[in-house]
Amino acid sequence: MSKRGLISLFALAVLAVHGAYTAKIDLDRPDGIYKSGDTAVCTVLVCKDGKPLVGETVRVLQRWEGRIVRTEKFVADGRPVTISCKSDKPGWVYFGAEVLDGNGNPRKYVGVRRWRKPTIIGEIGALFSPDKILSRVREPADFDEFWAKRRAEVDAGDKPATLTEIDSGTAGIKLFAVTIPCPRGVTATGYLAYPEKAAPKSLPGYVAFQGLTYADANRASAVDRAKKGMLAFVTTWHGFPLGKPKKYYGKELRAYYQYGQKGLGDREKWVYTDIFFRVMSELRFLKERPEWDGRTLVVHGISLGGILSAFAAAIEPAVTTAVIGVPSFCECNAHEAGRTPYSVYRRGGIKRLQEHPELLEAGFYYDAVNFARRLKCRTFVCTGFVDESCYPSNVFAFYNAIPATTERSMTTDPRTGHIDTTKAPEVAARIEALIGTPSVGRRPNEAH
C-alpha cells in the first residue's frame with residue numbers, strides 16, 4: 001500500500017475514535033478585504049459531529065504574512081469566540097482553528113482534509129488594502145536583452161518536433177504525444193489535440209502550462225479543449241517522456257528538480273532555465289501548426305503554471321489572453337517589504353538571502369513581477385486568502401505591477417487555498433467560449 005493510502009486509513013481511524021471536527025469561521029466582511037487601519041473580526045464556532053463543541057480545548061492561530069503572530073486557546077463551551085486583527089499597513093492575515101488533545105498537541109486528520117494542513121479544521125483569510133501592496137522587485141538593466149537572446153536561441157532551432165498519434169477516446173478528435181527539441185539539450189513534452197476536420201488557419205490556440213506536479217500532462221484536458229473547437233496543447237513543466245507510470249515521475253522528477261534549489265543563484269544553470277526554454281519552444285510549436293488561426297492565443301496555468309502563463313504572455317506578442325491562477329515566483333525579495341518570498345526562496349530563511357545577494361540578483365530575471373510589468377494582453381488573475389503556498393499578498397504585488405493600460409481582472413475568495421482556488425465565475429462568463437472555466441481542477445501530487 002502507498003504511503004498516501006496508509007495516511008488515509010490512519011485518518012479514518014482517528015476520525016472513528018475522536019469524531020469529526022469542523023469549524024464555522026467567518027469574518028465581519030464577507031469578501032475579506034479591509035483598508036489599512038481597519039480591524040478584521042473573525043468569529044469561530046467549533047463543532048463535533050455537527051454539534052457545537054463543549055469541554056475540549058481549541059486553538060486559533062493568527063498569521064501575518066505567513067508567520068504566526070498570535071495564538072488564542074479556549075475551552076469550548078458551545079458558543080462562538082472572536083479574534084481580531086488591526087493593521088495600519090497593507091498585508092495578509094490568516095486565521096486557522098485546531099483542536100488540542102489532552103497533552104496540548106493539535107489533533108491530526110480529524111476534520112475536513114486540507115492540503116498539507118493536517119491539524120486545521122477551519123480557516124479564513126483577509127487582506128488589508130490589497131491595491132496598495134507594491135513590490136520591491138528590482139529589474140535588471142539587461143532584463144529584456146537576457147530574454148531576447150534566449151528567445152533568439154529558440155527561434156534559431158532547426159530540429160522538428162516529434163508527434164505520435166494516440167487514441168483520443170473521442171470521435172472526431174485527434175490526439176498526439178509531442179516531443180520538442182529545445183536549446184541547450186532541453187526537451188519539452190505535452191499533448192496536442194484538435195478537431196479532426198479542422199481546416200488550415202481555423203482554430204484558436206490554447207496552451208496550458210502544468211503546475212509543479214510529479215506526473216504526466218493531462219491528456220484529457222487537451223481533448224476537452226479540442227472538443228470546444230480549439231487547437232489545444234497541454235504541456236509538462238519537466239519535459240520528461242509522456243505516458244510513464246506515476247512512480248517514474250515521482251522518483252525521477254525529485255532528483256531532477258531538487259525542490260527548486262538546483263543551480264539556484266545562477267541565471268544560466270538554474271533548473272528553471274530549462275523550464276522557461278520549454279515555454280518559448282512550446283509557443284513556437286503551436287504557432288507553427290497549420291490549424292492555428294493566427295489571431296487568438298490563450299495561455300493558462302496555475303501555481304508554477306501561473307508564472308509560466310505570465311512569462312508566455314510577456315514574451316510572446318501573439319498571446320491575446322492570459323489566465324494566471326495563484327502564480328508562484330512572485331517577489332523573491334518580498335522580505336524587503338515585510339512579506340515572505342515565494343517558496344523556493346523560503347528555504348534557509350531571510351538570513352540566507354541577506355548573506356547571498358546573488359540568489360536574488362539571479363531571481364529577478366525570473367520573477368513574476370518583472371513579467372507583469374510587460375503584460376499587454378487581456379489578463380485574468382485569481383488568488384485565495386488561505387493559500388499558504390503562493391501567498392495572496394505576493395500575488396497582489398504581481399497584479400498591481402501590471403500596467404494600468406492592460407485589461408486585467410482579479411478574483412479573490414477569503415476561504416480558498418492553493419488547491420481549491422477561486423473559480424472566478426464572472427471571468428468564466430467572458431472567456432468560456434475560448435477556454436472554459438479557469439479553475440485549478442483536480443488535486444496535483446505536488447504544488448508550488
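Here are a few things to note about the model shown:
- Relative contact order [Cα under 8 Å, 6+ residues apart], the chain, whole percent: 14
- Extension gain from K24 to K287, taking 0.36 nm per residue of separation minus the Cα-Cα distance: 89.8 nm
- Contour excess over end-to-end distance, with Cα ends at A148 and K269 and 0.36 nm allotted per residue: 41.8 nm
- Kirkwood hydrodynamic radius of the stretch 204-245, Cα pairs, Å: 10.8
- Here's how it looks for C42: its modeled amide H is under 5 Å from those of I83, S84, C85, which are all 5 or more places away or on a different chain.
- Axis of helix 304-315 versus longest Cα principal axis of the chain: the two differ by about 40°, to the nearest ten degrees.
- Extent of the stretch 3-129 along its three principal axes (Cα atoms, max minus min coordinate, largest first): 45, 34, 26 Å.
- Prolate/oblate/rounded label for the stretch 120-185 (Cα gyration tensor, a/c 1.5): oblate
- Entries of K251/K287; K108/K244; K244/K287 with Cα pairs more than 30 Å apart: K251/K287; K108/K244
- Inter-site label distance for T405 and E139 at 7 Å from Cα along Cβ, in nm: 1.2
- Rounded tilt (10° steps) of 3-18 against the dominant C-alpha axis of the chain: 20
- Approximate spin-label separation A171-S84, in nm, with each point projected 7 Å along Cα-to-Cβ: 6.5
- In terms of its C-alpha gyration tensor, the stretch 177-302 comes out prolate, because a/c is 1.5 or above and the ratio a/b outweighs b/c.
- Rel. contact order, % - alpha carbon contacts under 8 angstrom, at least six apart, the stretch 245-322: 20
- Theoretical gain in end-to-end length, A199 to T179 [0.36 nm per residue, Cα-Cα removed]: 4.8 nm
- Net charge of neighbours whose Cβ lies under 15 Å from the Cβ of F143, counting Lys and Arg as +1 and Asp and Glu as -1: 0
- Pairs beyond 26 Å (Cα-Cα), from K159/K228; K24/K86; K149/K376: K159/K228
- Taking Cα atoms only, the orientation of helix 271-287 departs from the longest principal axis of the chain by about 50 degrees.
- The stretch 3-129, relative contact order [Cα under 8 Å, separation at least 6], %: 30
- Spacing of the modelled spin labels on T39 and N105, each 7 Å from Cα toward Cβ, amounts to 3.7 nm.
- Within the chain: Cβ-based charge dipole about Cα centre, in debye rounded to nearest 20 (Lys, Arg +1; Asp, Glu -1): 820
- Computed 3J(HN,Hα) for the stretch 67-78, one whole-Hz value per residue from the Karplus formula 6.51 cos²θ - 1.76 cosθ + 1.60 where θ = phi - 60°, is 10, 5, 10, 6, 10, 10, 10, 7, 8, 5, 10, x, glycine and proline marked x.
Bear in mind these aren't lab numbers, they're just calculated from the coordinates by the rules spelled out. Just so it is clear, the structure is predicted and the values come from calculations on it, not from any experiment. A quick note on method: Cβ atoms are made from the backbone with ideal geometry, for glycine too, and the neighbour counts reach across all protein chains shown.
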